[in-house]
Amino acid sequence: MITVTHYLVLSAILFTLGVVGVLVRRNAIIIFMCIELMLNAVNLSFVAFAHYLNSMQGQLFVFFTMTVAAAEAAVGLAIIVAVFRNKETVNIDDINIMKW
Amino acid sequence: MLNLVGLILLFPLIGTAINGLIGKRLRKETVGYVACGSIGLSFFISVLVFCGLLLLPPGERLFEKQLFSWIESGSFKSTAGLQVDPLSSLMILIVTGVGFLIHIYSIGYMHEDKGYHRYFCYLNLFTFSMLLLVLGNNFLLMFIGWEAVGLCSYLLIGFWFEKKSASNAAKKAFVVNRVGDFGFALGIMLVFLTFHSIDFTEVFSAASHGNFEAGSFTVTIITLLMFMGATGKSAQIPLYTWLPDAMEGPTPVSALIHAATMVTAGVYMIARCNVLYMLSPFTMTVVASVGAVTALFAASIGLVQNDIKRVLAYSTISQLGYMFLACGVGAFTAGVFHLMTHAFFKALLFLGSGSVIHALSGEQDMRKMGGLRNHIPVTYKTFLVGAVAIAGIPPFAGFFSKDEILLESLVRGNLLYWIVGAVAAFLTAFYMFRLLFMTFHGVSRVEHHAMEHLHESPGNMTLPLTVLAALSFFGGFLGIPGASVINSFLAPVFGGHGHTEVSGAEAGVHHSAWLSSLMMVVSTAIALAGIFLAYQMYSKKPELPGKLAERFRVIYKLLLNKYYVDEIYDALFVNPIKKISVQLWKRVDAGMIDGSVNGIARLVGGFSNILRLLQTGYVRNYAFYIVVGCIFIIIFAVLGKVKF
């Protein structure tokens, strides 16, 4: 029997993978994909809870998340393209002008 | 008429404002007219006020005009008001009268100076301040005037501030006066603590009618502190050193401030507070002793000085010593009388010396003068009157006042005071005629280029000289022994409300007529002896002084260097204080205060430098911090430490 715990553990594993990916990878596109992974990990737990609690709210939230993720992907990719045009790299170690 | 008293103060203040604010754009004549006109009007009103006072019966001659309520703070109340009584009315006459003459003289003397309007602005301000000092009806107002005249004195001594010596002299005067003023301010505070008022009338009536024991500790301290202020302002031992240096200022300033008016403020103050002083026999002894010693001490220095103005400066110190001697033995009338006659003849002498300096294109060294009497006859004649007056030859003004002081010091004080006073009188006659002979008689030692420009001063300078000469001649008749007008006039101030005190007129009964006459003869003889000696040494045998100086080399050197008092003060006070100040500056100010402020800044900077390492600019690091933070929050949430 697959319980809600299994879903949540899977969600946590996926989220942690996303976090670690964001923290250790250098390539901006990979980091971007890791962020998507984190979002989807959260989506998974939403759906799991929705089923478990017999409530549609969780599933509604997933739609919102996906909308935001789509918008974010569009803006984020555009930024990455713009950065690449300026610096000819997407290695975030080279993008460090956020400090004075 | 007494209600007009406020105008006396107003006119000089208007003059100050006009000359100070727009004087630069006015023509020189206008500046002069404004300055002299304001003092002239002030003098006119003073005469009116004086007459108004005379119309009142002697017992009621006290008029107070309340101007406005000034400070009210808790139990402290001070009303700004003006007080007219015989003493202050006499003082305003002297200040505005002599001041007016000196203003007129200044028009001629300062004619070529580029700071013309500045000069008259200061001079008017001084007159205002002095009048405020004299007319104030409480200690605080007097203190304001007291400080303001000090300020004007500073400004005018340093009038030619481009000269290093002048600006140094100004600073010295200011700092030395500060020492005395410190005591005066403490004295006023103690008066308030003791009497809960600073109003003259209230304090003095409380002191004389209250349950106030004579010679009590408090009143002794009050009077001593106030006397400390007086020694500063009136150039008495130990704070006299600023006055000779103050001669760096323009000569009319020396005449007005450092001879006739400001330096007598101390005498006026003690005379005003006579009730308090009479309550403290110890302070009276101190005042009399300091006065007597100063009179002799300064006169002895005056014997050998070669700068014409410095001789007069030491003479002023010495004469002020006489006034304090008189006050110290309780003869306030004699002190004030001498204050008045001294204002006449010393202003005359200073203005005369100014005229000599003017004639010689700025030469002040008497060794480069001589034989001037035919070249500048008016100056010579008036100067002669002044010299005779100060020497104390009857019937000139100085004779009566000095004779009265000597007599009173013998009758009320003791023989020692009299001897010191008499010796000082002898020295006075000697150095004044030494000055006269060196300047006006004998062969001319004037340098060639000065000789070419030698000229008598213009009319606006000789007129004041003539008027002052007349005053120096007639001024003494106010105080002829036995029929002294000034005694009876001032009696309400000095005898009216002091039960311990015997007024001058009453005391006059005690000393017999023969003693009085004998004293007159003796003091005349003393003066004549001094003049004769000066004549012998400086007119008949001009080589004698040099020989004497050679013979008594040590004494001569000692006197010439003013007993090395300046050097001693430098070694004892000035240099140690300078050293301490340098240490304070380097250690405390630069080291501790600046160091701590800078240290805090450096500490914050250093700490920030460490914190700054956290901010790498890599988004990844920031994300890492966020994750770490989240993990902590989750841990706390799980352990139940944080309630959401």
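The values are calculated or read from the model by the stated rules, or taken from the named source; none is laboratory data. Please read these numbers as outputs of a predicted model, since none were measured by experiment. Note that we place each Cβ from the backbone using ideal geometry, even for glycine, and neighbour counts take in every protein chain shown.
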Note on B:Leu93: of the conditions (1) modelled with pLDDT of 90 or more; (2) in a strand (DSSP E or B), unmet is (2)
Any residue in the stretch A:90-99 that is of a type in the set (Lys, Arg), within 11 Å of chain B (Cβ to nearest Cβ) and in contact (Cβ under 8 Å) with a residue 60 or more places away in the chain? no
Write out, first by first residue and then by second, each pair whose Cβ atoms fall under 7 Å of each other, whose residues are 6+ apart or on separate chains, and whose first residue, in the stretch B:444-466, is more than 19 Å from B:Asp365 (Cβ to Cβ) while the second is in a loop (DSSP other than H, G, I, E, B) and modelled with pLDDT of 85 or more. B:Glu456/B:Ile376
Which of the helices (runs of 4 or more DSSP H) found entirely inside the stretch B:337-443 contain at least 1 residues meeting this: over 23 Å from B:Ala295 (Cβ atoms)? B:377-391, B:415-440
Of (1) within 25 Å of B:Gly352 (Cα to Cα); (2) surrounded by fewer than 24 Cβ atoms within 10 Å (Cβ to Cβ), B:Met278 fails just (1)
Residue list for the stretch A:51-88, restricted to those being of a type in the set (Asp, Glu) and on the phi > 0 side of the Ramachandran plot: A:Glu88
With respect to the numbered conditions (1) surrounded by 17 or more Cβ atoms within 10 Å (Cβ to Cβ); (2) within 14 Å of chain B (Cβ to nearest Cβ); (3) farther than 30 Å from A:Ala82 by Cα, which one is the sole condition not fulfilled by A:Gly58? (2)
Restricting attention to the stretch B:130-160, report how many residues are closer than 18 Å to B:Val5 by Cβ, among the β-branched types (Val, Ile, Thr) and crowded, with 22+ Cβ neighbours inside 10 Å. 1
Before we move on, is B:Phe44 more than 24 Å from B:Phe332 (Cβ to Cβ), touching a helix residue (DSSP H, G or I) at 6+ places or on another chain (Cβ under 9 Å) and at pLDDT below 85? no
Qualifying helices (runs of 4 or more DSSP H) (wholly inside the stretch B:166-256; at least 3 residues being in contact with a Leu (Cβ under 9 Å, 6 or more places away or on another chain) and crowded, with 18+ Cβ neighbours inside 10 Å): B:200-209, B:217-233, B:251-255
Can you run down the residue pairs with Cβ atoms below 7 Å, 6 or more apart or on separate chains, where the first is in the stretch B:569-591 and within 17 Å of B:Trp242 (Cβ to Cβ) and the partner is surrounded by 11 or more Cβ atoms within 10 Å (Cβ to Cβ)? B:Tyr569/B:Thr241
Of the residues in the stretch A:12-28, those that are over 12 Å from the mean Cα position of the chain (by Cα) and more than 12 Å from chain B (Cβ to nearest Cβ) come to A:Ile13
Return yes when A:Ile31 is within 14 Å of chain B (Cβ to nearest Cβ) and of a type in the set (Val, Ile, Thr) and no when it is not. yes
Just wondering, is there one or more residues in the stretch B:256-264 that are within 19 Å of B:Leu123 (Cβ to Cβ), without any contact (Cβ under 8 Å) to a residue 60 or more places away in the chain and in contact with a helix residue (DSSP H, G or I) (Cβ under 7 Å, 6 or more places away or on another chain)? yes
